[in-house]
Structure formats: C-alpha cells, structure tokens
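Taking it in order: structure first as structure tokens, then the write-up.
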Amino acid sequence: MTKHLLNRTKCYLAGNIENSNAPSQWRDMVKTELKDTGIILFDPLNKPFLDSVNEDKEHVARLAKLRAEGGYKELSKIMRKIRVEDLSLVDRADFLIACISAKTASWGTAEEVFWANRMKKPIFLVVAEGRRACPFWIFGTLPDDQIYDNLEDVVAVIKKLDSGEKTMDLSRWKIFREEYR
C-alpha cells in the first residue's frame, strides 16, 4: 500500500494568467498527475471561495478592456479583490508550484512566490526556459533545489515526497499531522 504523506495538504498553483495563451494547460496537467496523492490544489482559475472572481479568458479580456479604456478605478477594485483572494490561498497553502517565464514579467506570480518564501513554504519553481535562464534575483531568494527545468520533474519529486521515497526538508515543510488536516 502506498503512503500518502501529502494527503489533504494544500498546494497553490501560481503562474502567469494575464500574459499566457494557455494558463490552464499546465495546471490541468498537475491536477491529473497528482490526483491520486489527495493533495488539495488551489487553482486561481477556479478559486474555492464562495464569492470569488475566477480569472478565465473572458475575465482577463474584460480587465484588458478596462485598462485600455481608462477604467482604472473599476480595474483597481477588481484586482484588489483578486489579489486578496490569491494571497489568502498562498497563506492557506502548505506549498506552491509556480511556473514562470524568464522573459515575461508576472507581477502577481512574483508576489505570490516571494510571499510564500517569506513564510518559508516549500516552492517548486519551474522556469519555462530552464534553470539556466532563471533570473539572478530568484537564486538569491529561493534555495537552488527549489528551481526546476520542467513541470515533469516537479511532479516526480512531489510523488516521491508523498510516498516517503524522498525525505522532506522540515525546515520548510510545516505540515500538520494528517489527523489535523
């Protein structure tokens, strides 16, 4: 019988939405690959809050239109709610999987990663162009073993942590015993 050490832990899926052609593609892959672990995956495209704003393509187009037309007050109001919800999910998560591009700034993702890092949460950071393209600042922020070339490697490591095949670094992993999750 397989151990599931990460059963009922929570993971936030951080990554660019505004400038991505397929923000759900990698998240859907992670959901499929980690389904059997019992990890609860917080997806900003489908938030668990009762009154949340889900950042689908239509919503992002609406935000872009508001910005283009100078509707800054409304844009600010909507984005403040999204920011509060997303950072609340980071607070509640036990760990993060984050996908970034070294070529495209993603301000929300950067804040989410740095927010989680300040709390010393484990972060699995995938750089689309590979670790060799990772911004210097991130190497000064995250432990280098939290930076990955691809999502497949991240999924493999999480599965090994879940099964007990790989030991968790308890200086970062602060998860409750299962009866408290």
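Data overview
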read-out	value
Fraction of the pair-distance distribution of the chain above 23 Å, Cα-Cα pairs, percent	41
Derived scalar couplings ³J(HN,Hα) [the range 158-170; Karplus, 6.51 cos²θ - 1.76 cosθ + 1.60; whole Hz; x for Gly, Pro]	4, 4, 5, 5, 4, 7, x, 5, 10, 7, 7, 7, 6
HN-Hα J in Hz across the range 7-18 - Karplus 6.51, -1.76, 1.60, θ = phi - 60°, x for Gly and Pro	3, 6, 6, 10, 10, 9, 9, 8, x, 4, 10, 4
Highest-first arrangement of 64-73, 91-100, where packing means the average Cβ count within 10 Å	91-100, 64-73
Phi-based couplings in Hz for the range 116-126 (Karplus 6.51, -1.76, 1.60; Gly and Pro marked x)	5, 5, 4, 8, 6, 7, x, 10, 9, 9, 9
Candidate lysines - alpha carbon under 30 Å from residue 103, same-chain residues fewer than 8 apart omitted	10, 31, 47, 57, 65, 73, 77, 81, 120, 121, 159
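Readers should treat all values here as calculations from the given coordinates under stated rules, not as data from a laboratory. Just so you know, these numbers come straight off a predicted model, no measurement behind them. All Cβ positions, glycine included, derive from the backbone under ideal geometry; neighbour counts span all protein chains shown.
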